[in-house]
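Following: one structure in C-alpha cells, then a few remarks.
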Amino acid sequence: MKQELDLARRRALRTFAGMPLLPLAGGFASTAMLAACGGGSSSASGTASSSSSSAATLTSVSFEGMAAPTLAVPAEMATTTVKSTLVANYSNGTSQSYALSYQPFFITGDMVSDGKGGKILAGGYYDINNAAIMDKSVAGSERQFYSDSPDGSSLLAIPGASVSGVKGNTVFAVVQFEYTTRDLAGTSAYGTLPSPIAVLTLDQDPATGSLSLVKYHNVDTSGVHGLWITCGASLSPWNTHLSSEEYEPDAQFISSNTMFQAYSKNLFGDATKANPYHYGHLPEVTVNADGTGSIKKHYCLGRISHELIQVMPDNRTVLMGDDYTNGGLFMFVADKEKDLSAGTLYVAKVGSGFVADVTAAGAALSWINLGHATSAEIEALAGSLAPSDILTAVKTDPVDTSYTKMYLDGSAQWVKLKPGMEKAAAFLETHRYANLMGATMSFTKMEGTTVNIKDKIAYSALQNIQSAMVKGNAANNAASGVSLDKAISAGGVLAHKLTGSQKDTAGTAIDSEWVPAQTSFLLLGEDITADALGNTANPEKIGNPDNLKFSEKLRTLFIGEDSSQHVNNFLWAYNVDTKKLSRLMSVPSGGESTGLHAVDSINGWTYIMSNFQHPGDWGSIHNTVKATLDPLVRANYKDRYGAAVGYLTGMPIIKL
C-alpha cells in the first residue's frame with residue numbers, strides 16, 4: 001500500500017510540475033493534489049484528508065523569500081534564479097506550499113511560430129511599411145534588429161477566441177519591447193528604433209494551467225505613427241492593453257536631437273519626417289479573437305513620460321506616474337466609461353507634511369485642472385502646430401519677467417506661453433504647462449502605478465528620491481511641497497489614499513470617487529557603502545522600484561526593480577496586511593525586472609507575468625562580478641542581445 005501511495009505521489013509531482021503559480025479558484029490545486037496524493041499535506045501546519053481539504057476555502061497566501069544569489073554560485077547570478085515559496089493557507093487549518101520557478105515563452109531573437117506555418121523573429125523591429133529593419137553595422141553579419149528589452153505585458157482571455165493550434169484554453173498575452181541596447185558593432189541603439197508590440201496566443205492546459213506559445217503576431221503600428229520607447233503597461237478593466245511612450249522627445253529643441261533623427265530615419269527612411277508631437281502619448285492595444293491585435297493612440301492624457309498607468313474601477317479615472325526628473329503626478333478623468341478618447345487632465349500639488357518616513361501621516365494632495373480635450377483635436381494640433389507656435393523656451397536667462405523659470409529634466413529653462421495656446425500647451429507641452437500652472441513638478445522618476453481596490457489605496461514607485469526632491473538642490477522648488485532633507489537614491493514606494501467629493505484648485509468638483517487625496521511613503525530603499533559584491537543599496541530592501549502591480553486576491557504588492565544599485569535586480573512581494581517583504585526572483589546581473597503583471601484569475605488560475613531586459617548591461621557597481629559573470633550571461637542570452645518573456649510557475653511541495 002505504501003509503495004502504491006508513493007507511486008501516486010510521484011505521478012502527481014510529474015503531473016503538476018509545470019503547474020502555474022496560484023491556481024486558487026475553487027481550491028483546485030490543493031484538492032487535486034491531495035486527492036492524487038492520498039490526502040497528504042506537505043505544510044508545517046499539518047496534514048488533512050482529501051475530503052476535508054475539498055471543503056476548505058483559501059484564507060490567506062504568504063511568500064517565503066529567497067536569499068540574494070552570490071558569487072558562491074556564479075551561475076545563479078547570470079540567469080533567472082527563483083528559490084522562493086508560496087504558501088496557501090486554508091480554512092481547515094491546513095496549508096499547501098509551492099516551490100516557485102520561472103518559465104519563459106521565448107528569449108528575444110528566437111524564431112517562433114507566426115501561426116501561419118512559418119516563423120517570425122521574437123522582438124523583431126519593423127519600419128512604417130512593416131518591413132524588417134536590418135542591423136548593417138557589421139559587414140557580413142547583417143541581420144534584423146531585435147530587442148533585448150521586453151517590458152510591459154498583459155495576460156487576458158477573449159470570449160469566443162479561436163486560434164488554430166490551441167488544444168486547451170485560448171489565452172493571450174500582449175508584450176511590448178522598449179528598445180535595444182546596442183547594435184552588432186556595440187554602438188548604443190537606445191531610442192533609435194520604433195518599439196514593436198506583439199500579441200502572443202497561448203495554449204492554457206486546463207488541467208495544470210501551464211501556458212505554451214502557439215502564435216506570435218506583430219501589431220501594425222503604422223496607423224499611430226509608430227511607437228516611441230514603450231516601457232511599462234497595464235491591463236484596462238475592459239480587457240485592453242494600455243501601453244506607454246516614455247521620455248517624450250523635446251519638441252522645443254528637436255533640431256539638435258540626433259537620437260530622434262536616427263529614430264525617424266529607421267522608421268520612415270527620412271531623418272526629418274517624424275513629428276515629436278506624435279510621441280509621448282498613450283497607446284491602447286485591442287486583442288482580437290483570432291490572435292491578432294489593433295492599436296490606437298490617445299493624445300489627450302498629457303504628453304509626459306508615461307510609464308505604467310492605472311485605470312480605477314470606475315473605468316474612467318486614470319492615475320499616471322511620470323518617469324522624469326522634475327516630473328509630476330497626473331490624473332485623467334474620461335468623459336465616458338471604457339473610453340479614453342476624451343476627458344479632463346489634472347496634475348497634483350503636494351501640501352505640507354511630505355517626508356521620507358514610512359510612519360508619517362503624509363501630505364494632502366490637491367489637483368490643478370489643466371484642461372479638457374479629445375484625442376482627435378490634440379492629434380490635429382500635433383499635426384498642424386510647430387513648437388514655436390505654442391511657446392518659447394530658452395536655456396539662458398532672457399532677463400525678461402514675462403518668462404517663467406522652471407527646471408525640466410534637471411536643467412533650468414525660461415518659458416513664455418504664446419497667447420491662446422493654453423490647450424495646445426496643456427496636452428503637447430504638458431511638463432512646461434504644468435510648471436506654469438503651479439503644480440508640484442519635483443518628483444524624480446515616478447514610475448509604475450497600481451491600485452488596491454479594497455482599501456482604496458493607489459501606489460506609485462519612485463525609482464530615485466534625489467536631485468529635484470531634495471532641499472538645497474538647484475532643481476528643487478521649496479514651494480512645491482516636495483523638499484526632503486536628504487536623497488535616498490535607492491528610491492521608495494508611495495501610497496495614495498483615494499476618495500470622492502474632491503474639488504480642483506479652482507473649486508470645481510472632480511467627477512470621480514477615486515481621487516488621490518493624501519500621499520505618504522509605504523516603503524523606502526536604503527543607500528549603503530558598497531558591499532563585497534558591489535551593491536550600493538541594501539539588498540535586503542527594495543532598490544530603485546519600477547514596475548508595480550497589486551493582486552487583490554493575494555493582498556500583495558509586487559515590485560520589480562530597475563536598479564543601478566543592486567548587482568542583481570529583484571522581483572519582490574509585499575503583503576499589505578502582514579507588512580512582510582519577500583524576494584521572489586533574481587534576474588540576470590546587469591538586467592532589469594520588467595513586464596510585471598499579476599492576474600488574479602484566468603479560467604481559475606492565477607499568474608504573475610515577469611520579463612527582464614538588457615542582461616549584462618554592466619555598470620560601475622558590477623566591477624567585482626563582471627569578469628566572472630560576463631561569459632556566463634553571454635552564453636545564456638545570445639551574447640547579451642537576448643532577454644526573456646515569461647511567467648512564474650509553482651510546483652506543489654509534497655513530502656514523500
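The values are calculated or read from the model by the stated rules, or taken from the named source; none is laboratory data. Note that the structure is predicted; figures quoted are calculated from it, not measured. Glycine also receives a Cβ, built like all others from the backbone with ideal geometry; neighbour counts cover every protein chain displayed. Areas reflect the complete protein model, heavy atoms only, side chains present, ligands, DNA and RNA absent. Shrake-Rupley method; radii C 1.70, N 1.55, O 1.52, S 1.80 Å.
Look through 437, 421 and report the one residue that is among the hydrophobic types (A, V, I, L, M, F, W, C), within 21 Å of residue 371 (Cα to Cα), open to solvent by 10 Å² or more (accessible area, probe 1.4 Å) and in contact with an Asp or Glu (Cβ under 8 Å, 6 or more places away or on another chain). Break it down stepwise before answering.
On the way: 437 fails: in contact with an Asp or Glu (Cβ under 8 Å, 6 or more places away or on another chain).
Matching residue, one of 437, 421: 421.
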Residue hits (segment 299-332; open to solvent by 10 Å² or more (accessible area, probe 1.4 Å) and either under 21 Å from residue 363 (Cβ atoms) or touching a strand residue (DSSP E or B) at 6+ places or on another chain (Cβ under 6 Å) (or both)) are 310, 316, 324, 325
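Picking from 101, 62, which residue would you name as being open to solvent by 30 Å² or more (accessible area, probe 1.4 Å), among the small types (Gly, Ala, Ser), within 25 Å of residue 212 (Cβ to Cβ) and in a strand (DSSP E or B)?
101
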Filtering segment 447-468 down to residues that are surrounded by fewer than 24 Cβ atoms within 10 Å (Cβ to Cβ) and in a strand (DSSP E or B) yields 452, 457
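Please verify whether segment 207-216 includes one or more residues that are part of a strand (DSSP E or B), within 16 Å of the chain's Cα centre (by Cα) and farther than 30 Å from residue 415 by Cα.
If we filter segment 207-216 for residues that are part of a strand (DSSP E or B), which is where we start, we get 211-216.
In the following step, the residues that additionally are within 16 Å of the chain's Cα centre (by Cα) were identified as none.
No, every residue in segment 207-216 fails to be part of a strand (DSSP E or B), within 16 Å of the chain's Cα centre (by Cα) and farther than 30 Å from residue 415 by Cα.
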Restricting segment 219-247 to residues that are under 21 Å from the mean Cα position of the chain (by Cα) and open to solvent by 30 Å² or more (accessible area, probe 1.4 Å), the one farthest from residue 174 (Cα to Cα) turns out to be 247
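I'm trying to understand the selection: among the residues of segment 526-560, which are out of contact with any Ser or Thr (no Cβ under 8 Å at 6 or more places or on another chain) and either within 24 Å of residue 594 (Cβ to Cβ) or buried (at least 24 other Cβ atoms within 10 Å of the Cβ) (or both)? Give the derivation first.
Residues of segment 526-560 out of contact with any Ser or Thr (no Cβ under 8 Å at 6 or more places or on another chain): 526, 531, 535, 538-542, 545, 552, 556, 559.
Within segment 526-560, 526, 535, 538, 539, 540, 541, 542, 545, 552, 556, 559 qualify.
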* Is segment 469-480 home to any residue that is over 23 Å from residue 571 (Cα atoms), touching a Ser or Thr at 6+ places or on another chain (Cβ under 9 Å) and surrounded by 24 or more Cβ atoms within 10 Å (Cβ to Cβ)? -> yes
For residue 153, indicate whether it is part of a loop (DSSP other than H, G, I, E, B) and either open to solvent by 30 Å² or more (accessible area, probe 1.4 Å) or among the polar types (S, T, N, Q) (or both).
no
Considering segment 67-96, residues that are among the polar types (S, T, N, Q) and open to solvent by 20 Å² or more (accessible area, probe 1.4 Å), and then whichever is farthest from residue 607 (Cα to Cα), we arrive at 70
Could we say that residue 554 is part of a loop (DSSP other than H, G, I, E, B), of a type outside the set (Phe, Trp, Tyr) and within 21 Å of the chain's Cα centre (by Cα) here? yes
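Based on what the data block shows, is residue 55 over 34 Å from the mean Cα position of the chain (by Cα), farther than 30 Å from residue 198 by Cβ and modelled with pLDDT of 50 or more? Walk me through how you get there before you give the answer.
Details: over 34 Å from the mean Cα position of the chain (by Cα): yes; farther than 30 Å from residue 198 by Cβ: yes; modelled with pLDDT of 50 or more: yes.
Here the answer is yes, as residue 55 does meet what is asked.
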Regarding segment 368-386, can at least one residue be identified that is within 19 Å of residue 245 (Cα to Cα), in contact (Cβ under 8 Å) with a residue 60 or more places away in the chain, in contact with a Gly (Cβ under 6 Å, 6 or more places away or on another chain) and crowded, with 19+ Cβ neighbours inside 10 Å? no
Contact list, first residue from segment 588-603 and more than 19 Å from residue 570 (Cα to Cα) and in contact (Cβ under 8 Å) with a residue 40 or more places away in the chain, second anywhere and part of a strand (DSSP E or B) and open to solvent by 10 Å² or more (accessible area, probe 1.4 Å), beta-carbon distance below 6 Å, six or more apart or interchain, is 603/169
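With 290, 323 as the choices, which residue is under 17 Å from residue 195 (Cβ atoms) and acidic (Asp, Glu)? Spell out the reasoning first.
Values: 290 fails: under 17 Å from residue 195 (Cβ atoms).
On inspection, the qualifying residue turns out to be 323.
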Expected output for segment 437-455 (first residue among the aliphatic types (A, V, I, L, M), partner part of a loop (DSSP other than H, G, I, E, B) and open to solvent by 10 Å² or more (accessible area, probe 1.4 Å), Cβ below 9 Å, 6+ apart or cross-chain) is 437/505; 441/477; 446/463; 451/313; 451/514; 453/313; 453/552
Residue 207 passes all but one of the listed conditions (1) more than 16 Å from residue 611 (Cα to Cα); (2) modelled with pLDDT of 95 or more; the exception is number (2)
Scanning segment 192-206 residue by residue, those crowded, with 24+ Cβ neighbours inside 10 Å and assigned to a loop (DSSP other than H, G, I, E, B) turn out to be 193, 194, 195, 196
